[in-house]
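Below: the structure, in structure tokens.
The values are calculated or read from the model by the stated rules, or taken from the named source; none is laboratory data. Bear in mind the structure is a predicted one, so any value in this text is a computation, not a measurement. Don't worry about glycine lacking a Cβ; one is built from the backbone with ideal geometry, like all the others, and counts go over all protein chains shown. These area figures cover heavy atoms from the full protein model, side chains too; ligands, DNA and RNA do not enter into them. Shrake-Rupley method; radii C 1.70, N 1.55, O 1.52, S 1.80 Å.
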Amino acid sequence: MNNMHYYIYRKIFSSIRFWFYFLFIFILAARITWIYKDTRTIGTTIEQSANIPMAIYTSLTSFYIVIFIYIPLFLLSVEIVSNFYNRYKILIAYKSRNRWWLDKIVVIFILSCIFTITINGAIIGSILLSGNGINISFTFLLFIFLGIELQVLGFLILGIISCLLTFIFRSVYVGFCVTFSGVFIVKMLIKGAKLQLFSIEDYMFLIDKSSNEIFMVTPSDSIISSFFIILLLFTFLLGKRIVKKKDIFWSD
């Protein structure tokens, strides 16, 4: 199995879509860094300087960037995982479907961590390189750590859903399109109806908090974390059950 893991990670790390994500993050972070660089020299007040980390966070987690860059590129990377594991030659290398399913989830988890660390690394990097590291408070760091937890869980949930849909409908395009469309449509319905609700990506990137300038962790955040963990367990166990019962069709 070690050779198999090496092969899938090599496919992921050599894909254009994966490196495009890193390139986009780098360019965006560089632009944000330039905008907020040395703000103290242009008449920015102490109070305004203290808010710059929040402004940088908001800039790197805006609605359009999350919906049209982060989530699609993550799901496209998950496609690589599905394409690799949904092959007959890969199946016969496993002694059980449960192990096969678990290995897929482990790879998606690692992808979730990579995407999350990159995003938050860009946020902290932009703050430090723009000369605003002094404005990073302990409260803000707790806020970032909460975001990291929710983003890893959220990406993993979306990845499992996409992977499961690919397995059920035997198409990576269905897995990607249905998952992305679901996220997008739910968000548009909430915005269009002006409902006081938040979608999964809002909670992942704490948009419910940042939009109200609440850059801190509160006891109620444990409810969201618990909900994400429950949803993760549900999708994982549902996938495990479906994989166990469904007739297998594998691409060559």
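Scanning segment 93-103 for residues being open to solvent by 30 Å² or more (accessible area, probe 1.4 Å) and either hydroxyl-bearing (Ser, Thr, Tyr) or under 25 Å from LEU23 (Cα atoms) (or both) gives a total of 1. If you check PHE167, PHE176, PHE115 for being closer than 29 Å to SER222 by Cβ and in a helix (DSSP H, G or I), only one passes: PHE115. Among the residues of segment 93-111, those that are in contact with a helix residue (DSSP H, G or I) (Cβ under 6 Å, 6 or more places away or on another chain) and modelled with pLDDT of 90 or more comprise TRP101, LYS104, VAL107, ILE108, PHE109, LEU111. For first residues located in segment 70-95 and in contact (Cβ under 8 Å) with a residue 40 or more places away in the chain, partners that are surrounded by fewer than 16 Cβ atoms within 10 Å (Cβ to Cβ) and of a type in the set (A, V, I, L, M) and lie 6+ apart or on another chain with Cβ distances below 7 Å form the pairs LEU91/ILE248; ALA93/MET4.
With respect to being in a helix (DSSP H, G or I) and surrounded by 15 or more Cβ atoms within 10 Å (Cβ to Cβ), LEU153 fits the description. For ILE56, the test of being in a helix (DSSP H, G or I), at pLDDT 95 or above and open to solvent by less than 50 Å² (accessible area, probe 1.4 Å) is failed. Among the residues making up segment 179-217, those that are over 22 Å from SER112 (Cβ atoms), outside any helix (DSSP H, G or I) and not hydrophobic (A, V, I, L, M, F, W, C) are LYS194, GLN196, SER211, ASN212, GLU213.
Taking the conditions (1) open to solvent by less than 10 Å² (accessible area, probe 1.4 Å); (2) closer than 23 Å to TYR70 by Cβ in turn, VAL243 satisfies each one other than (2). Among the numbered conditions (1) β-branched (Val, Ile, Thr); (2) open to solvent by 40 Å² or more (accessible area, probe 1.4 Å); (3) touching a Cys at 6+ places or on another chain (Cβ under 7 Å), the only one that ILE148 does not meet is (3).
Does PHE138 qualify as being closer than 14 Å to ILE8 by Cα and open to solvent by 30 Å² or more (accessible area, probe 1.4 Å)?
No, not satisfied.
Of the listed requirements (1) of a type in the set (A, V, I, L, M, F, W, C); (2) over 27 Å from TYR7 (Cβ atoms); (3) open to solvent by 30 Å² or more (accessible area, probe 1.4 Å), VAL106 misses just one: (2). Within segment 185-233, the set of residues being among the small types (Gly, Ala, Ser) and open to solvent by 50 Å² or more (accessible area, probe 1.4 Å) comprises GLY192, ALA193, SER211, SER220, SER222, SER226. Residues that are touching a Cys at 6+ places or on another chain (Cβ under 8 Å) and farther than 16 Å from SER181 by Cβ were ranked within segment 74-84; the one that is surrounded by the fewest Cβ atoms within 10 Å (Cβ to Cβ) is SER82. The residues listed here are ILE124, ILE71, ILE90, ILE119; of these, the one that is at pLDDT 95 or above, buried (at least 16 other Cβ atoms within 10 Å of the Cβ) and over 14 Å from the mean Cα position of the chain (by Cα) is ILE124.
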